[in-house]
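Student: Handing you a structure now.
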Amino acid sequence: MFRPKLLVLAASLAVAGLANAALPASNPFAEVSKLPLNYPAFDKFSNDTYGPAFEEGMKEQAAEIVKIANNKAAPTFDNTIVAMERSGRLLDRVSSVFGNLSGANTNDAFEALNRELAPKLSAHSDAIRLNEKLYARIKALYDKRDKLKLDAESKRLLERYHTDFVRAGAKLSAADKEKLKAYNSQLAALSTTFSQNVLKEANASALVVDTRAELAGMSDKAIDAAAAAAKAKGMDGKFLIAVSNTTGQAPLEVLTNRSTRERLLATSLARGSRGGDFDNRDVVLKITKLRAERAALLGYPSHAAYQLEDQTAHDTSAVNKLLAELTKPAVNNARKEAADIQAVIDAEKGGFTNAAQDWAYYTDKVRQAKYAFDQNQLKPYFELDNVLHNGVFFAATKVFGITFKERKDLPVYHPDVRVWDVFDADGKQLAIFLGDFYARSNKRGGAWMNAYVSQSKLMGTKPVVANHLNIPKPSAGEPTLLTYDEARTLFHEFGHALHGMFSDVKYPRFAGTRVPRDFVEFPSQVNEMWMTWPEILNNYAKHYQTGAPMPKELLDKVQASAKFNEGFRTTEYLAASILDQRWHQLPADKIPTDVLGFESSVLKDAGIDFAPVPPRYRTTYFSHVFAGGYSAGYYGYLWSEKLDADTVEWFTENGGLSRKNGDHFRKALLSKGGTMDAMQMYREFRGRDAKIDPLLERRGLK
Ligand SMILES: [Zn+2]
């Protein structure tokens, strides 16, 4: 996943500049960080530094915008568009830090400030986008864009600003603009509530287990950790199992006690819809209604239609078509996998029918039977540091020539965060990379990348980017052994990081990952290919104790099982994508009142209501689409995967891992950010449009 910045405004960046006069010099945001590449001075930030910096930052940018809009001189590209790109530096400094820390390392003060700021930031953004004089200048320039003798990137920037403003409501009447502002402000507050509820609900939903016996299958260490967690909450003698992000929960793979599995899954599924303080059902109804009303005001039949217009997919029918086409083959696959699972249950004389809580546990047994290995055999070969240095970084060195050096002198916001200098093939510094890998109770679920500083030639900035994962932290002195999925996530998120670090654009608006949402997952998914690429795998997959390489047979089995469980994976993903679309394709007068009832009818109607495979996210904890930036956009992972699978084929056709291939991919694609139409960029990289066959092949859908 990739996390957009808090503000979707004209981005502006931290560069050497004047200190802000109205903010006391003691406030660490008053000045551009003097650390290398403007790396954030994490040791200087405290809870009370953010609020004043936001207030002053909004004030400062508002003044800059008024000056641009009221300029007596006729509009020029420089005095209008470039001036906007340069505006809001202080606000950008504080929001890039606050926006990320409120996800990665939050606290009560952050959450209170977030609730207070969300509507204010939304109003600030509206004041810019709905400024009539400013829009008139942009429009005047846009109308004569072919005569301005702009280079391609500048011309695109002008077009982008025009589109951004129109989509934000610049053409509405004064009265409708006021309505729009009210929608935006309410929606900003509701999204914040949704995401805070998800985190609080996850903590409040932890499963309490009375006896050690009920946790059979879990390692002694994991059970001890569960006992310690219970004790910390005053439940001495009991065990507490944390519930994480997705519907599926890691302990379901190992718990032998069926009723514990059932309770854990039920707990996960009930999040946000079981009553209590953190119930998200009403929040969802309000969000979907307001989004639909806002879309109608802007002239669109639904929020999804509004969102998709600006994506590479363009419209709801293209997305519906893709999802519908894949549903049947995916569910058929899942049914076949379910039959394999049932055969194991029956052979063990289990005496029950495979249900959702059984899938993860028995699927590993099927894997053992079919491919003669289980997930646990892999873990000793996937030690975090090894996978990172000798896998992820090694691949980047081989493919792109970049190198890494860890440094310990820069401040971090949590002792687990690590920092690397990244150097280009010519030895010059390319970027700084932060890794924040461990789960914490004050960290949002899932994995994501973000930029603290984005690359821009206009601003003279180089990237400072970070990856966040949620790997359970082992006890002191124990190694961090990754599951297959965690190792893949490490490669995935680093693909986003590469997209940010290789950015070579002039304007901040186009830096790195500022591409359509259904394109942004493409580079990150491509990077996953190196995880199992023999030369890379041989380099990192070594036993953490003995250093022995992963046995060839195990390696072959891993490769052979690549399509294993794809029916499940694709089905749970499609179910979530369909929920996202159906909620957001509703017009305002069709919003239901019963969230769970609507959810089940949608799944049934789409033919994806296969009980053993629930959606990857249910509506009430689907943060991607109700709090993050993926509303009507969750399909984008699969949409991007079409390009990804086609690109893997390109690498393979061209001899696989080589600097030549890497350099072409970097030059034609990773360095270009949003400076070109994404599909045109792909065409220039590949020499043709992407074909869907490699994706169908990979997902076992052919
Ligand atoms: Zn991603």
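The values are calculated or read from the model by the stated rules, or taken from the named source; none is laboratory data. It should be emphasised that the depicted structure is a prediction, and the values quoted were computed from it without experimental measurement. Don't worry about glycine lacking a Cβ; one is built from the backbone with ideal geometry, like all the others, and counts go over all protein chains shown. Just so you know, the surface numbers come from the protein's heavy atoms only, side chains and all, with ligands and any DNA or RNA stripped out. Shrake-Rupley method; radii C 1.70, N 1.55, O 1.52, S 1.80 Å.
Student: Kindly indicate which of LEU430, LEU458, LEU434 is closer than 14 Å to LEU388 by Cα and touching a residue at least 12 places away in the same chain (Cβ under 8 Å).
Tutor: Selected residue: LEU434, the only one of LEU430, LEU458, LEU434 that is closer than 14 Å to LEU388 by Cα and touching a residue at least 12 places away in the same chain (Cβ under 8 Å).
Student: Now for a separate question. List pairs: first residue in region 402-416 and touching a residue at least 24 places away in the same chain (Cβ under 8 Å) and under 14 Å from TYR39 (Cβ atoms), second residue among the β-branched types (Val, Ile, Thr) and open to solvent by less than 40 Å² (accessible area, probe 1.4 Å) anywhere in the structure, Cβ distance under 8 angstrom, at least six positions apart or on different chains.
Tutor: Every condition considered, the pairs that remain are LEU410/VAL419; LEU410/ILE432; VAL412/VAL419.
Student: Report, by residue number, each residue of region 249-279 that is farther than 18 Å from THR353 by Cβ and among the acidic types (Asp, Glu).
Tutor: GLU253, ASP277, ASP279 - these are the residues of region 249-279 that are farther than 18 Å from THR353 by Cβ and among the acidic types (Asp, Glu).
Student: Take the conditions in a helix (DSSP H, G or I), surrounded by fewer than 19 Cβ atoms within 10 Å (Cβ to Cβ) and in contact (Cβ under 8 Å) with a residue 40 or more places away in the chain and apply them to ALA112. Does it pass?
Tutor: No; evaluated as a whole, the condition is false for this residue.
Student: Here's a follow-up. Is there a residue in region 554-576 that is within 16 Å of the ligand (Cβ to nearest atom), β-branched (Val, Ile, Thr), under 23 Å from ARG698 (Cα atoms) and touching a residue at least 40 places away in the same chain (Cβ under 8 Å)?
Tutor: No, the conditions are met nowhere in region 554-576.
Student: Could you tell me whether ALA588 is in contact with a Lys or Arg (Cβ under 7 Å, 6 or more places away or on another chain) and without any contact (Cβ under 8 Å) to a residue 12 or more places away in the chain?
Tutor: No; evaluated as a whole, the condition is false for this residue.
Student: May I pose another question? Quick check on my filter: what residues within region 260-299 are touching a helix residue (DSSP H, G or I) at 6+ places or on another chain (Cβ under 7 Å) and not in a helix (DSSP H, G or I)?
Tutor: Within region 260-299, ARG271, GLY272, SER273, PHE278, ASN280, LEU298 qualify.
Student: So in region 300-356, with the set limited to residues that are part of a loop (DSSP other than H, G, I, E, B) and aromatic (Phe, Trp, Tyr), which one is farthest from PHE522 (Cα to Cα)?
Tutor: Going through the qualifying residues, I end up with PHE352.
Student: Scan region 575-585 and tell me whether some residue there is part of a helix (DSSP H, G or I), open to solvent by 50 Å² or more (accessible area, probe 1.4 Å) and under 27 Å from PHE394 (Cβ atoms).
Tutor: no
Student: Consider VAL392 carefully, then state whether it is more than 30 Å from SER46 (Cα to Cα), open to solvent by less than 40 Å² (accessible area, probe 1.4 Å) and within 16 Å of the ligand (Cβ to nearest atom).
Tutor: Answer is yes for this residue.
Student: Contact list please: Cβ distance under 9 Å, first residue in region 297-308 and within 15 Å of THR163 (Cα to Cα), second residue open to solvent by less than 40 Å² (accessible area, probe 1.4 Å) and of a type in the set (S, T, N, Q), pairs at least six apart or on different chains.
Tutor: From region 297-308, the pairs are GLN307/SER631; LEU308/THR316.
Student: Please determine, by comparing only the residues of region 520-560 that are surrounded by fewer than 14 Cβ atoms within 10 Å (Cβ to Cβ) and among the acidic types (Asp, Glu), which one is farthest from the chain's Cα centre (by Cα).
Tutor: Here the answer is GLU553.
Student: While we're looking at this one, here's another question. State whether one or more residues within region 99-106 are in contact with a Ser or Thr (Cβ under 7 Å, 6 or more places away or on another chain) and in contact (Cβ under 8 Å) with a residue 40 or more places away in the chain.
Tutor: No, there is no match, as no residue in region 99-106 is in contact with a Ser or Thr (Cβ under 7 Å, 6 or more places away or on another chain) and in contact (Cβ under 8 Å) with a residue 40 or more places away in the chain.
Student: Can you tell me which residue within region 501-524, out of those that are in a helix (DSSP H, G or I) and touching a Ser or Thr at 6+ places or on another chain (Cβ under 6 Å), is nearest to the ligand (Cβ to nearest atom)?
Tutor: Only one residue tops the list, namely GLU521.
Student: Now a separate question. Return yes when LYS231 is farther than 18 Å from ASN470 by Cβ, touching a strand residue (DSSP E or B) at 6+ places or on another chain (Cβ under 9 Å), surrounded by 16 or more Cβ atoms within 10 Å (Cβ to Cβ) and charged (D, E, K, R) and no when it is not.
Tutor: No: the conditions fail for LYS231.
Student: Still on this structure, please answer the following. Taking the condition of being of a type in the set (D, E, K, R) and more than 24 Å from the chain's Cα centre (by Cα), how many residues in region 287-320 meet it?
Tutor: Residues meeting the conditions: 3.
Student: Any idea which residue in region 561-574 is nearest to GLY607 (Cα to Cα), counting only those that are open to solvent by 60 Å² or more (accessible area, probe 1.4 Å) and not in a helix (DSSP H, G or I)?
Tutor: LYS563
Student: Just the residues that are among the charged types (D, E, K, R) and part of a helix (DSSP H, G or I), please, taken from region 525-557.
Tutor: GLU528, GLU535, LYS552, GLU553, ASP556, LYS557
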